[in-house]
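A.B. asks: Quick one: structure below, then a few questions.
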Amino acid sequence: MSRIPNPTKAMDRLLYAIAFVCVIAPALQSQQTTPPAQESGAQQTAFIKQAVYEVVSIHKYKPDGGSMTMFWTTDPDGFGMTHSQITGLICQAYGVNNYQLSAGPDWVGSDLYDVQAKMDEETMNALRALSPEQAKLARQHMMRALLTDRFKLAIHHETKQFPIYKLVVAKGGPKLHEAKPIEDSASGSKDSASKPGKGMMRMSFDAGAMLLTAEELSIDALVGQLSGSLGSEVQNDTGLKGSYDFTLRWAPESMRLEAGSSSGSGNANVSDNAAPSIFDALQEQLGLKLESQKAPLDVIVIDHIEQPSEN
């Protein structure tokens, strides 16, 4: 069974960032408050299965050799995917990570697209009446419908053994700081930061390393980011339930090897000046540790997909 093909080396750093999009957006989609009134279960189920985006715009992006920014936005009335592989959209639609996609033509793992999708007001209001979990499921169904309609996507599921990691508290305990209360600009009141998972994360390159800056972030959200970074399932076994402010700086192995080979040594050894690996960074900076295991995971096998017409 073939995997989604790897792009050229020139795209490595971009794709490393793209891997994070697969797990950032689901966290953002679930961050909404549950309204006091709920529709009946039957109505909710029907809506989740039938809802579609009213307007969808798709354009293939052609890099011009200059700097490029890729990002994903989730709005009350839709989403936007900019300068990203279509694998990111498939990941969102089926709630998986890149390493859980298999087969498909080469362009699926290399071509970049800009996709904007908007729902009508009735659909948006119905989405707001759902719980966060139901709203996330509804958005996934809408993305699947988009992929079927515009990309003619057909898939099937398989189960495969994967190496996974469990995130645990390292010896000596966590080095995390509880999130600082955030003042509400409208009321002037301060949030006690007692509700995890409502935070923000920013990813950037910093002197040859990845820098994750987190505000009010849950460990579950961090685990999602680690899954994208490592290309493996990561499960939260820390027992930590709060929201945290922290920074995490590390270098992916490819960057560390590149730093070693460019240091003048003439080989691929890791430079003494390279940032730490993600494993060392977690333990040294956050007091957390990754333990390796194996587990069966769902695999999305692409049976058919077509390049979309642009509009």
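Read-outs: derived from the displayed coordinates by stated rules, not from any lab. None of these values were measured; they are calculated from a predicted model. Quick reminder, even Gly has a Cβ in these numbers, built from the backbone with ideal geometry, and neighbours come from all protein chains shown.
A.B. asks: At R0 = 25 Å, how high is the FRET efficiency between E54 and E133 if r is their beta carbon distance? Nearest 0.05 is fine.
C.D. replies: According to the calculation, E is roughly 0.60.
A.B. asks: Using a cut-off of under 18 Å, list every residue of the stretch 152-170 whose amide N is near the label point 7 Å from the Cα of S102 along the Cα-to-beta-carbon line.
C.D. replies: Answer for this model: 154-164.
A.B. asks: Could you tell me which of the pairs K136/K180; K62/K152; K136/K294; K175/K289 are separated by over 18 angstrom between their Cα atoms in the structure shown?
C.D. replies: K136/K180; K62/K152; K136/K294
A.B. asks: Got a sec to turn the phi values of the stretch 138-145 into Karplus ³J(HN,Hα) couplings, 6.51 cos²θ - 1.76 cosθ + 1.60 with θ = phi - 60°, whole Hz, x for Gly and Pro?
C.D. replies: 4, 5, 4, 4, 5, 5, 5, 5
A.B. asks: Which whole-Hz ³J(HN,Hα) couplings does the stretch 216-228 yield from phi under the Karplus relation 6.51 cos²θ - 1.76 cosθ + 1.60, θ = phi - 60°, glycine and proline marked x?
C.D. replies: Once rounded to whole Hz, the list reads 6, 9, 7, 5, 4, 5, 4, 4, x, 5, 5, 4, x.
A.B. asks: Also, I was wondering about something else. Can you give me the distance in nm between label points at D75 and A42, each placed 7 Å from the Cα along the Cα-to-Cβ direction?
C.D. replies: Output for this residue pair reads 3.6 nm.
A.B. asks: Can you give me the long-range amide H partners of M70? Hydrogens built in the peptide plane at 1.01 Å from N, cutoff under 5 Å, separation of 5 or more residues or another chain.
C.D. replies: none
A.B. asks: Average projected area of the Cα convex hull of the stretch 50-156, in nm²?
C.D. replies: Answer in nm², one decimal: 7.3.
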